[in-house]
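Contents: one structure, followed by commentary.
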Amino acid sequence: MKAGIDLISFYSSNYFLDLKTLAEARGVDFNKFYIGIGQEKMALPPPDEDIVTMAASAAQPIIEKVGRENIELVVLATESCIDQSKAASLFVHGLLGLPKRCRAIELKEACYGATAGLQLAAAWVEKNPEAKALILASDIARYDLGSPGEPTQGCGAVAMLVSTKPRIMTLDPECGYHAEDVMDFWRPTYRGEALVDGKYSTRVYLSTIIEAWNQYRERSGRTLSDLARCCFHLPFTKIAEKAYERLAKACGLPSPTDADFELRLRESLRYNRITGNSYTASLYEGLNSLLDHSTADLSSQRIGLFSYGSGCMAEFFSGVVQPGYRQHLFTEKHLALLNNRTELTFQQYEDIFNYGVPEDGGNHSMAPYRTGPYRLAGIKDHKRLYEKSR
Ligand code: CAA
């Protein structure tokens, strides 16, 4: 019996800022962003969108397709929590009308949380073969205005149904993981924006991939050429080339050419390049991008996946794409969303960034913006109130 991803769906905000606009306002050559870090646009959530509405909107197409039956585990992984106590998964559980016979929890380890959720869910469904798990990864990446991290902001959510009859990808049992106590990126509970030692974080990402890879290689006996494509955690898409280069070197292979990057990576970068960092959703956004864009049929092909969460946790694992996977993708929905977003001016971007959720315990309604099927309607007595927007 092989557990894995049965369905996968992605959602991001309907609003974006072009990094050319940001570059102009900050007096930077836009090619630093477009070429140097490989980012063109960043998605920004309007005031009536948060990690709950994004996660519920990502999950909605899955629920419409297969119903709610047998979903007995809901894990929401996030860095951008909305409550110190209540799990965001319970808000989503309510919005989606999921069965009461269910475990619903929130997981945190920076950008790695969803991978922990996915691996735990895969082991859990193997013990409970009739049950299904819904893994939600939802994040809003925020750095201080004018900081080096600013162009790597973004937002997005991915929902994955995990079962023992996966239609998209089975997960291989072998994985390599690495934990280390480092301060490369963190966000104390009193801050809305992450603190980061940018260059150091990149170095840690690129060194821990080798630790995780070496263990994966030992356990699986596979080498890089056994992986048809690779998907990486994408704080910015340029890091994928650097990571792939490191892996090639660790395997004693020649330095990858542009053609190698084109074949092995490019299709997995298309969504992240125009949404920005979605933290714990980012690796799975990349996987969704690959599945949605691959011109080659990936059936029965093995995909390498690297998950990195600052602090830090790194994991290299792999999965095999299932025959017929294409008929179970939500490609049209994803493209319709991303092709019809509203571009923000620089002023609108700063206004949205500076908008703070009211904290006075009063009765506040949120002005309606363009959202997915769910929105944050308001806040009353410190309670978030959600509603269906359509
Ligand atoms: N044209 C083309 N390229 C240009 C250019 C131009 N005009 N100007 C600069 N560049 C290139 C630089 O040469 C550099 O390329 P290399 O890295 O290949 O040398 C690249 O653009 C970036 O330039 P800088 O290094 O000068 O950029 P910076 O110091 O201003 O910021 C950053 C880069 C450190 C990644 C910053 O964006 C940051 O702090 N980001 C947030 C942290 C982050 O994303 N860390 C990643 C690892 S941690 C993680 O993965 C967890 C997570 O999600 C946060």
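The values are calculated or read from the model by the stated rules, or taken from the named source; none is laboratory data. All figures in this text were calculated on a predicted structure; none of them were measured in a lab. Positions of Cβ are generated from backbone atoms using ideal geometry, with glycine treated the same way; all protein chains shown enter the neighbour counts. Keep in mind that these areas ignore ligands, DNA and RNA; they rest on the heavy atoms of the full protein, side chains included. Shrake-Rupley method; radii C 1.70, N 1.55, O 1.52, S 1.80 Å.
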1.4 Å probe accessible area per residue over the chain, in Å²: 41
Table column - 3J(HN,Hα) (Hz), the range 86-93, Karplus curve with 6.51, -1.76, 1.60, x for Gly and Pro: 6, 6, 4, 4, 6, 4, 5, 3
With the Cα gyration tensor of the range 4-388 in hand, give its eigenvalues times 5 under a square root as the equivalent ellipsoid semi-axes, listed largest first in whole angstrom. 30, 26, 19
Of all the accessible heavy-atom surface of the range 154-264, with the other protein chains kept in place and a 1.4 Å probe, what percent is carbon and sulfur? 49
For the range 291-303, take each phi angle, set θ = phi - 60°, evaluate the Karplus expression 6.51 cos²θ - 1.76 cosθ + 1.60, and give the result in whole Hz per residue in order, putting x for glycine and proline. 5, 6, 9, 4, 6, 7, 6, 8, 3, 6, 8, 9, 10
Testing the spin-label approximation: label points 7 Å from Cα along Cα→Cβ at Arg191 and Glu262. State their distance in nm. 4.2
Using the Kirkwood radius over Cα pairs, work out the Stokes-Einstein diffusion coefficient for the range 155-235 at 37 °C and 0.692 mPa s, in µm²/s as a whole number. 207
Nearby lysines by direct alpha-carbon distance to Lys41 (threshold 24 angstrom, same-chain neighbours under 8 apart not counted): Lys20, Lys32, Lys199, Lys238, Lys242, Lys333
Name the residues whose placed amide hydrogens come within less than 5 Å of the amide hydrogen of Leu73, ignoring near sequence neighbours (fewer than 5 apart) on the same chain. Arg103, Lys132, Leu134
Report, in debye and to the nearest 20, how large the dipole of the chain comes out about its Cα centre when Lys and Arg carry +1 and Asp and Glu carry -1 on their Cβ. 840
In what order, largest first, do Trp213, Trp186, Trp124 sit by accessible area if the probe radius is 1.4 Å? Trp186, Trp124, Trp213
